[in-house]
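Read the structure below first, then the notes.
The values are calculated or read from the model by the stated rules, or taken from the named source; none is laboratory data. All figures in this text were calculated on a predicted structure; none of them were measured in a lab. When we count neighbours, we look across all protein chains shown, and the Cβ atoms used for this are built from the backbone with ideal geometry, even at glycine.
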Amino acid sequence: MLSRIKAGATFLDAGCCFGYVLRQLALDGAPPVNLIGSDLRQEYIDLGYELFRDRESFGARFLTGNLLEPSDAALAELDGTVDIIHAASSFHLFSWADQVRLGERLVRFFKPNCEGPMVFGRQRGSAEPVNRDGKDVGELVRYDHDPKTLQELWDEIGSRTGTIWKVDARLDNESWGEQNSRTSLKFAVYKVG
């Protein structure tokens with residue numbers, strides 16, 4: 001992936017928070033001009049600049065906007081401009097229906113003739129996903145995937161966007177002591193048609 005970015009591919013970190021992934025890519029040799037971060041909240045982007053002390057020197061582009069709102073004009077400039085999308089810790093925040101909306105929006109960002117468009121990341125997963133209505137988490141409704149349901153999600157996104165996607169995913173158990181463990185889902189989704 002890094003070699004693709006160095007060769008001119010545009011990389012979007014969707015839900016970038018402080019922008020640490022973009023800064024790591026730049027440190028590894030990716031041209032910052034090929035790096036874009038988007039987040040719902042400008043304060044996260046500003047905190048990233050404060051944390052890394054690079055507001056005047058970091059050349060990546062940051063945008064704020066709502067990925068779940070198809071008509072959000074702030075993100076419209078990304079339509080048809082991206083080759084690779086990193087979407088970590090984002091899909092699991094939403095219900096199945098909102099995940100479909102998120103996926104549809106991400107698909108719009110890809111260049112029309114992009115070679116090898118892909119979405120990758122990690123999120124909370126589940127060995128036993130609940131029904132598509134999701135589970136209540138406070139005031140939110142969320143849906144956690146296993147590899148099979150993630151493919152089903154991207155099949156639906158593909159049906160709505162006229163595209164075909166193949167999911168490569170695996171569940172991992174992560175543990176930080178007896179009381180702190182979770183199942184994560186690491187994934188890459190490739191456009192195959």
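Data for the structure
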| read-out | value |
| --- | --- |
| Matching residues, region 50-78, being exposed (fewer than 14 other Cβ atoms within 10 Å of the Cβ) and of a type in the set (Asp, Glu) | Glu50, Glu56, Glu69, Glu77 |
| In region 6-27, residue surrounded by the fewest Cβ atoms within 10 Å (Cβ to Cβ) [restricted to those that are in a helix (DSSP H, G or I) and at pLDDT 95 or above] | Leu27 |
| Of the criteria (1) in contact with a strand residue (DSSP E or B) (Cβ under 9 Å, 6 or more places away or on another chain); (2) within 28 Å of Pro129 (Cα to Cα), which one Arg108 fails | (1) |
| Residue, modelled with the lowest pLDDT, within region 118-137, restricted to residues that are in a loop (DSSP other than H, G, I, E, B) and in contact with a strand residue (DSSP E or B) (Cβ under 8 Å, 6 or more places away or on another chain) | Gly134 |
| Identity of the residue in region 67-98, polar (S, T, N, Q) and out of contact with any Lys or Arg (no Cβ under 9 Å at 6 or more places or on another chain), that ends up modelled with the lowest pLDDT | Ser71 |
| Which numbered condition Glu50 misses (of (1) under 17 Å from Val21 (Cα atoms); (2) within 17 Å of the chain's Cα centre (by Cα)) | (2) |
| Any hit, region 19-38, residues being at negative phi and in contact with a His (Cβ under 7 Å, 6 or more places away or on another chain) | yes |
| Qualifying residue in region 139-161 (condition: modelled with pLDDT of 95 or more, within 20 Å of Arg4 (Cβ to Cβ) and among the aliphatic types (A, V, I, L, M)) | no |
| Condition met for Ala87 (more than 23 Å from Asp155 (Cβ to Cβ) and either of a type in the set (Gly, Ala, Ser) or surrounded by 18 or more Cβ atoms within 10 Å (Cβ to Cβ) (or both)) | no |
| Filter result for Glu115 (under 24 Å from Lys166 (Cα atoms), exposed (fewer than 14 other Cβ atoms within 10 Å of the Cβ), of a type in the set (D, E, K, R) and at pLDDT below 95) | yes |
| Residue, nearest to Gly80 (Cα to Cα), within region 101-112, restricted to residues that are crowded, with 19+ Cβ neighbours inside 10 Å and without any contact (Cβ under 8 Å) to a residue 40 or more places away in the chain | Arg105 |
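Conditions tested, residue by residue: (1) in a loop (DSSP other than H, G, I, E, B); (2) under 12 Å from Leu12 (Cα atoms); (3) among the hydrophobic types (A, V, I, L, M, F, W, C).
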{"position": "Gly37", "(1), (2), (3)": "no, yes, no"}
{"position": "Gly48", "(1), (2), (3)": "no, no, no"}
{"position": "Phe62", "(1), (2), (3)": "no, yes, yes"}
{"position": "Asn66", "(1), (2), (3)": "yes, no, no"}
{"position": "Leu78", "(1), (2), (3)": "yes, yes, yes"}
{"position": "Gln99", "(1), (2), (3)": "no, no, no"}
{"position": "Leu102", "(1), (2), (3)": "no, no, yes"}
